[in-house]
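Student: I am attaching a structure below and will ask some questions about it afterwards.
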Amino acid sequence: MLARVANNLFWMGRYIERSEHIARYLNVNYFSSLDAPNLKSQDRQFVLRSMLFMVGDPEEDESKVLSENEVLYKIGLDPGYQFSILNNVKFARENANSARDLISTELYEAINKFYHFVLNYPKHVFVKNGLHDFTTNVAEMTAILRGKIRGTLLHDSTYAIILMGVNIERATQITRMINAKYNDALMAQGSYGDKFSKSFEWTTLLKCAESYDMMRRFYKKTPTSISTLEFLILNPNCPRSVMNSLNQVYDHVKILNPERSYNKESTAFLIGRVRSEYEYKYIEEIEEDIKSFIENILKSLVQISNKVDEEFFSY
């Protein structure tokens, strides 16, 4: 396989995963705010700022009044905004086009259908009353794409490269969601007696990560800051957790590099180090300084992505 084509497959997986997480964050944040238990979490400006913060474009001017229609259009369907769902789906399709001979017809057709759905979704409907319909469809279509990847591709190097992209992006987006909701929980505390550790924002975070039901079954209690962070970061059996994503990346990189003893400069060695660091973390250590932890894990994920690029995609 050409390095350029491998790179396209990797980023196809990343863009598919990114579009799903942004869509789910928009959906859950917007609709959870309608029945939030405190005034701060109900505030529409608070919700819109949280959306921009999560996609990596925070609004620094606290006095600025954001337009709901403008923010939703910008993150959802604006072709001129690099972080929009439309552009993520467009980039996924472009990368799929460049690796057309290595992916199945079923997968390509599903990506094409996804692209045309997003491209042709009426802008005026989306910003007025189409947010739920649009974001739900995006989440369902990305789930279909993951099913096509697993069910219509040989589980060989092509599959491993796509799944590496998917899981690196999943860990990145979950960490970005944690960062945004940590920030929201700090800002919302004190509103109607809402304490940081028992903030409504932790429930919202779990729903954004599609992990609320799983977490309630595992802990059998109301989410708190410690239980939520432990579940989404350290629990290896939660399919959305950072730890699970790192395990998946490690398993797939071994398909590309099956050596038993890894060079210290290899991607597998770096992933193994990062993975083992979090495997033996206590959640109390993380909670002492959540901000530093978030920065460190995002930095580690960037290093892993760069190392993958250096080892497998440089041409």
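The values are calculated or read from the model by the stated rules, or taken from the named source; none is laboratory data. These numbers were taken from a predicted model, which means no experiment stands behind them. Cβ sites come from the backbone with ideal geometry, for glycine too, and all protein chains shown count toward neighbours. We work out accessible area using only protein heavy atoms, side chains counted, and drop any ligands, DNA or RNA first. Shrake-Rupley method; radii C 1.70, N 1.55, O 1.52, S 1.80 Å.
Student: Could you give the length gained by full extension between residue 140 and residue 277, i.e. 0.36 nm per residue of separation minus their alpha carbon distance, to one decimal place? Provide the component values of the computation, followed by the final result.
Tutor: Numbers: separation 137, 0.36 × 137 = 49.32 nm, distance 3.37 nm.
This chain segment gains 45.9 nm when fully extended.
Student: Right, here's the next one. Using a 10 angstrom cutoff on alpha carbons, build the Gaussian network for the chain and name the most mobile of 175, 228, 152.
Tutor: 152
Student: How would you order 67-74, 41-48, 89-96 from highest to lowest mean count of nearby Cβ atoms within 10 Å? List each step's numbers first, then the result.
Tutor: Numbers: 67-74: 16.5, 41-48: 18.8, 89-96: 21.1.
Ranked from most to least packed, the peptides come out as 89-96, 41-48, 67-74.
Student: So if we plug the beta-carbon distance of residue 285 and residue 123 into 1/(1 + (r/R0)^6) with R0 = 45 Å, what FRET efficiency do we get, rounded to 0.05?
Tutor: Numbers: r = 46 Å, r/R0 = 1.02.
It comes out at approximately 0.45.
Student: Now, a different point. To the nearest Å, what is the center-to-center distance of region 127-178 and region 232-308, using C-alpha atoms only?
Tutor: Cα centres, region 127-178 to region 232-308: 19 Å.
Student: Next up: Compute a Gaussian network model of the chain, connecting alpha carbons closer than 10 Å, and tell me which residue from 283, 75, 161 fluctuates the most.
Tutor: 283
Student: Sticking with this one: For region 224-234, just list the computed ³J(HN,Hα) in residue order, Karplus coefficients 6.51, -1.76 and 1.60, θ = phi - 60°, integers in Hz, with x standing in for Gly and Pro.
Tutor: 10, 4, 5, 5, 5, 5, 4, 5, 7, 10, 9
Student: For region 114-231, treating each Cα as an identical point scatterer without solvent, what Debye log10 I(q)/I(0) comes out at q = 0.10, 0.12, 0.14 1/Å?
Tutor: Computed log10 I(q)/I(0) values: -0.46, -0.64, -0.83.
Student: Oh, and also: With 26 Å as the cut-off, how large is the P(r) tail for region 1-129, expressed as percent of Cα-Cα pairs?
Tutor: On the way: 2572 of 8256 pairs.
Beyond 26 Å sits 31 percent of the P(r) for region 1-129.
Student: Further, regarding this structure: For residue 237 and residue 104, FRET efficiency with R0 = 45 Å and r from the beta-carbon atoms, rounded to 0.05? Walk me through the intermediate numbers first.
Tutor: Numbers: r = 29 Å, r/R0 = 0.66.
With a Förster radius of 45 Å, E is 0.95.
Student: Next question. Starting at the first residue of region 268-282, write each ³J(HN,Hα) from the Karplus equation 6.51 cos²θ - 1.76 cosθ + 1.60 with θ = phi - 60°, in whole Hz, x for Gly and Pro.
Tutor: 4, 5, 5, 4, x, 5, 5, 4, 5, 4, 7, 5, 10, 7, 9
Student: If I model a spin label as a point 7 Å beyond the Cα along the Cα-Cβ vector, how far apart are those points for residue 309 and residue 64 in nm?
Tutor: About 2.8 nm, to one decimal.
Student: What value, in deg cm²/dmol to 500, does the helix sum -39500 (n - 2.57) over DSSP H runs of n ≥ 4 give at 222 nm once divided by the residues of the chain? Mind dumping the intermediate values first?
Tutor: Working: 16 runs with 219 residues, N = 315.
That calculation yields -22500 deg cm²/dmol at 222 nm.
Student: Quick one: which of 307-314, 3-10 comes out on top by average Cβ neighbours within 10 Å, and what's the full order, highest first?
Tutor: Going from most to least packed, we get 3-10, 307-314.
Student: In whole Hz, with x marking every Gly and Pro, tabulate ³J(HN,Hα) for region 283-292 from phi via Karplus 6.51 cos²θ - 1.76 cosθ + 1.60, θ = phi - 60°.
Tutor: Each residue of region 283-292 in turn: 5, 4, 4, 5, 5, 4, 8, 4, 4, 5 Hz.
Student: Give me the extension gain from residue 292 to residue 35: residue separation times 0.36 nm, minus the current Cα-Cα distance, reported in nm with one decimal.
Tutor: Extending this stretch completely gives an extra 89.4 nm.
Student: Also, I was wondering about something else. With every protein chain present, what is the per residue accessible area of the chain (1.4 Å probe, Å²)?
Tutor: 46 Å²
Student: Could you check the simple spin-label distance between residue 218 and residue 3, using points 7 Å along Cα→Cβ, in nm with one decimal?
Tutor: In this crude label model, residue 218 to residue 3 measures out at 3.8 nm.
Student: Between residue 44 and residue 266, what's the calculated FRET efficiency when r is the beta-carbon distance and R0 is 35 Å? Round to 0.05. Don't skip to the end; give the middle numbers.
Tutor: Values: r = 48 Å, r/R0 = 1.38.
That gives a FRET efficiency of 0.15.
Student: At what distance in angstrom do the alpha carbon centres of region 1-37 and region 40-91 lie from each other?
Tutor: 15 Å
Student: Also, quick follow-up: Can you pull the percent of the chain's accessible area that's carbon plus sulfur, 1.4 Å probe, other chains left in place? Don't jump to the answer; show the numbers that get you there.
Tutor: On the way: 7000 of 14400 Å².
In the chain, the share of accessible area belonging to carbon and sulfur is 49 percent.
Student: Another question about this same structure. Return the label of the correct value of Cα Rg over 2.2 N^0.38 Å, as calculated from the structure shown, out of [x] 1.14; [y] 1.18; [z] 1.00.
Tutor: [z]
Student: Additional query: In terms of Cα to Cα distance under 30 Å, which lysines are near enough to residue 64, apart from those fewer than 8 places away along the same chain?
Tutor: 40, 74, 123, 128, 181, 195, 198, 207, 291
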